[in-house]
Amino acid sequence: MGAVARALAAFGRFWWDFVVGDDVTIAIGVVCGLGTVAVLHAAKVPAWWILPIIWAVALAWSLGRAARRG
């Protein structure tokens, strides 16, 4: 593996760890929330309030999964 390939792999691992971190659930919640708000905004629907609700649901889902595991 060349130096460029190692650097690209390290760059990809960094961003995966930075964005996803320990729990994929929160990352999926953020992506779904931003997508939902973007679609509703494009349709001229006030959507500022949806992201906090989706965040709270994703957090509750993540905490529920962690509680069942531990």
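Only a single criterion out of (1) free of Cβ contacts under 8 Å to residues at least 24 places away in the same chain; (2) surrounded by 12 or more Cβ atoms within 10 Å (Cβ to Cβ); (3) over 16 Å from the mean Cα position of the chain (by Cα) is not satisfied by Leu63, namely (3). Listed by first and then second residue, the pairs linking a residue in the stretch 39-50 that is part of a loop (DSSP other than H, G, I, E, B) and at pLDDT below 90 to a residue that is surrounded by 10 or more Cβ atoms within 10 Å (Cβ to Cβ) and of a type in the set (A, V, I, L, M), with Cβ atoms under 7 Å apart and 6 or more places separating them unless they lie on different chains, are Ala47/Val37; Ala47/Leu40. Scanning the stretch 1-38 for residues that are exposed (fewer than 11 other Cβ atoms within 10 Å of the Cβ) and part of a loop (DSSP other than H, G, I, E, B) turns up Met1, Gly2, Gly21, Asp22.
The values are calculated or read from the model by the stated rules, or taken from the named source; none is laboratory data. All of these numbers come straight from a predicted model, not from anything done at the bench. Quick reminder, even Gly has a Cβ in these numbers, built from the backbone with ideal geometry, and neighbours come from all protein chains shown.
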